[in-house]
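Right, one structure below, let's go through it.
Values in this text are rule-based calculations from the coordinates and carry no lab data. What you see is a predicted model; the values in this text were computed from it and never measured.
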Amino acid sequence: MSMMLGDILALAKASAPGMAKWLESSSPEMHGQVRATAAAAGLTATGFVRMAVADFSRAASEEDWATLMSALRDSGDPGQTCLHAMIHWRLAASDCGSHF
């Protein structure tokens, strides 16, 4: 299933459980990281995924967006690339100690 940026953002608002299931099938390793990070923060994996997309769209720097756009341009599956990049960004932010 290929998703576009608008689809990802709409799905984040409407159906985080669907997005978490999609992540589990597209990247089991990342899904495991999301589950562990979410549990440590007292969140569900679906809540973390939704938060990752919302936080990226709200707080990512111009450089983060430029990096994402470059990755999307070169991607065979822009939706997957977008979701993975936003979650990776949020996981990295979680490690800095200033989040949650």
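Quick check on segment 16-81: take the gyration tensor over C-alpha atoms, sort the square-rooted eigenvalues as a ≥ b ≥ c, and tell me if it's rounded (a/c under 1.5), prolate or oblate.
Here segment 16-81 falls in the oblate category.
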- Can you run phi through the Karplus equation (6.51, -1.76, 1.60; θ = phi - 60°) for segment 23-37 and list ³J(HN,Hα) in whole Hz, with x for Gly and Pro? 5, 4, 7, 7, 8, x, 5, 5, 4, x, 5, 4, 4, 5, 5
- Message: So if each residue of separation counts as 0.36 nm, and I subtract the Cα-Cα distance between Ala39 and Met69, what length gain in nm does that give?
- Response: 7.8 nm
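Determine the gain in length on full extension of the stretch Ala92-Asp55; use 0.36 nm per residue of separation and subtract their C-alpha separation, reporting nm with one decimal.
On the way: separation 37, 0.36 × 37 = 13.32 nm, distance 1.23 nm.
Full-extension gain reported as 12.1 nm.
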